[in-house]
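> Submitted below is the structure of interest, expressed as structure tokens.
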Amino acid sequence: MKKSISLLLAMIMLLSLVTGCAAPAQEPAEAPAEAPAEAPAEVASYKIGVMTGTVSQGEEEFRAGENMKERYGDMIVLSTYPDRFMQEQETTITNMMAMASDPEIKAIVMVQAVPGAAAAIARVKEMREDILFVLGVPGEDPDVIAEYGDVIIQTNDLARGSQIAQQAKDMGAEVLVHYSFPRHMSYEMLAARRDLMKEEAEKLGLVWVEQDAPDPTGDAGVPGTQQFIMEDLPRKVEEYGVNTAFFGTNCSMMEPMIRQTVETGAIFPVQCCPSPYHALPAALGIAVPEDKAGDLDFILSEIDAKVDAAGMDGRVATWSVPVNMMYVEAGVEYAIEYLEGNTNGKADAEVLTRIMEEVAQGEIILGNYGNYDHYFLYLGAAVEF
């Protein structure tokens, strides 16, 4: 009996403890009014892939890609094709497929569009038709790459023939010397450009001089070609005078040609591959700090200062922006305009011209290759130092 009473008391105490600890039900407190949230910054609903060469093979376009990444942040996705792109086309395809696997990628800009680009784009289009492809410096047959690229941009090398002669004339030239070698002159495009340059030079009243130089792929190699230019150019100036302009068809000629032009006081209208970065810094002794790599304003300013210091004002020129950097930057800006719905179809020549002129900070000439309305040939604006 006592045990039963004790058990009963314990249960009563436990019940009291439980009910005593239970908080009475309360009305929920009214939440304080929140300040209206600021509208989030507008974020692009797409990304743009940029595929370039590596620093060792294509520093200009690589730096241009970095510039676009710095400008637009995560909207830009960078990739490269391999240095040995001829032997490693499967790697190019793999890298392109990796970018296209991101559903937010809505455009891909490829500069240079090396061999393997057409196959890579074909593979991408098997799984995605919504990606815009902007290609610069196509390295495959024009009719092949035209089937895959949506916007293709290439330097108008034929029209450069007349342009170079006119540029030389505008800079005060009375004579135009053309350096090349039989292998280059066997290339239809280079030979046709030479013929147009000669025709325009004679039309403008310039004395035309055609001079063979050693082929850099020959026995003497690049050093032999460069030594010839170093020795022959002063002889030409002595023979024809300081108002002689010089042009060469090979990149290895450019540094000694610029150096000797400045040394003799002659005229240098443009490189074989127009760019402020091509041979000019080396020939003029310009060191480019790492933090200025890809800084176009810096290099133009440095070249101008060196040319002025040499007393060569108005006698050295190039194009105002490197061709490959132009194609990357203009390609990204055009892709943005297209994705924002600001173009008339995929290939809008008017919009592309406007963008390229903004990048070049000067007038450009844009034409079409053959009957293709999406394959553009570009002539850049000159800058005289």
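> Enumerate the whole-percent occupancy of each 5 Å bin, from 0 to the last occupied one, for all C-alpha pair distances of the range 74-225.
In order of increasing distance, the bins hold 2, 8, 14, 14, 12, 11, 11, 10, 9, 6, 3, 0 percent.
> How many nm separate the modelled label positions at GLN227 and ASP313, each set 7 Å beyond the Cα in the direction of the Cβ?
3.9
> For labels at GLU90 and ARG183 in the simple 7 Å Cα→Cβ model, what's the distance in nm?
Between GLU90 and ARG183, the label points sit 3.1 nm apart.
> What's the angle, to the nearest 10 degrees (0 to 90), between helix 323-339's Cα axis and the longest principal axis of the chain?
Result, in degrees: 40.
> Continuing with this model, one more query. What residues of the range 108-128 lie in the reach of a label at VAL144, counting those whose backbone N is under 15 Å from a point 7 Å from the Cα along Cα→Cβ?
So the set is 113-123.
> Continuing with the same structure: For the range 345-354, just list the computed ³J(HN,Hα) in residue order, Karplus coefficients 6.51, -1.76 and 1.60, θ = phi - 60°, integers in Hz, with x standing in for Gly and Pro.
x, 6, 10, 9, 4, 5, 5, 4, 4, 4
> I'd like the antiparallel share, as a percent to the nearest 5, of DSSP beta bridges with both residues in the chain.
Taking every DSSP beta bridge with both residues in the chain, the antiparallel ones total about 15 percent.
> Still on this structure, please answer the following. Would you calculate, for the chain, the mean residue ellipticity at 222 nm contributed by helices, counting each DSSP H stretch of 4 or more residues as -39,500 (n - 2.57) and dividing by all residues, to the nearest 500?
-15000 deg cm²/dmol, from helical runs alone.
> Round to a whole number: what % of the accessible area of the range 280-367 belongs to carbon and sulfur, probe 1.4 Å? Could you put the intermediate results ahead of the total?
Numbers: 1650 of 3810 Å².
Carbon-and-sulfur percentage of accessible area, whole number: 43.
> Something else now. Under the Karplus relation 6.51 cos²θ - 1.76 cosθ + 1.60, θ = phi - 60°, what is the ordered set of whole-Hz ³J(HN,Hα) values for the range 201-218, x standing for Gly and Pro?
My calculation for the range 201-218 gives 4, 5, 5, 7, x, 7, 6, 9, 10, 10, 10, 6, 10, x, 6, x, 8, x Hz in order.
> Which pairs in the list LYS69/LYS306; LYS169/LYS236; LYS198/LYS236; LYS236/LYS306; LYS198/LYS346 are over 27 Å apart, alpha-carbon to alpha-carbon? Kindly include the intermediate steps, with their values, before the conclusion.
Values: LYS69/LYS306 31 Å; LYS169/LYS236 17 Å; LYS198/LYS236 18 Å; LYS236/LYS306 24 Å; LYS198/LYS346 38 Å.
In this structure, LYS69/LYS306; LYS198/LYS346 lie more than 27 Å apart at Cα.
> Also, I was wondering about something else. If Lys and Arg each add +1 and Asp and Glu each add -1, what is the summed charge of the other residues whose beta carbon sits under 14 Å from the beta carbon of GLU290? Could the numbers behind the result be given before it?
Values: positive: ARG63, LYS292; negative: GLU59, GLU66, ASP291, ASP295.
Charge balance near GLU290 sits at -2.
> Given [x] 36; [y] 21; [z] 26 as candidate values of percent of Cα pairs over 36 Å apart, which corresponds to the one derived from the coordinates?
Answer by label: [x].
> Moving on to the next point. Leaving out ligands and nucleic acids, and using a 1.4 Å probe, what accessible area per residue does the range 154-280 come to in Å²?
On a per-residue basis, 41 Å².
> Taking the highest mean first, how do the peptides 256-269, 113-126 order by number of other beta carbon atoms within 10 angstrom per residue?
256-269, 113-126
> If you don't mind, there's one more thing I want to ask. In the range 134-195, what percent of the accessible surface is made up of carbon and sulfur (1.4 Å probe, ligands and nucleic acids excluded)? Intermediate results must be reported in sequence, preceding the final value.
Numbers: 1140 of 2330 Å².
Carbon with sulfur: 49 percent of the solvent-accessible area.
> Let me ask something else about it. Which order do peptides 132-142, 202-212, 244-254, 321-331 fall in by mean Cβ count within 10 Å, highest first?
The peptides rank, most packed first, as 321-331, 244-254, 132-142, 202-212.
> Around VAL262, under 10 Å between beta carbons, what's the net of Lys plus Arg minus Asp minus Glu among the other residues?
+2
> When the Karplus curve 6.51 cos²θ - 1.76 cosθ + 1.60 is applied with θ = phi - 60°, which whole-Hz ³J(HN,Hα) does each residue of the range 270-276 get, with x for Gly and Pro?
Listing the rounded values in order: 4, 7, 4, 10, x, 5, x Hz.
> Compute the projected area of the convex hull of the Cα atoms of the range 279-374, averaged over all viewing directions, and report it in nm² to one decimal place.
8.0
The values are calculated or read from the model by the stated rules, or taken from the named source; none is laboratory data. In this text, all values refer to a predicted model and were calculated from it rather than measured experimentally. Note: ideal-geometry Cβ built from the backbone for every residue, glycine included; neighbour counts use all protein chains shown. For accessibility, only protein heavy atoms count, side chains too; no ligands or nucleic acids. Shrake-Rupley method; radii C 1.70, N 1.55, O 1.52, S 1.80 Å.
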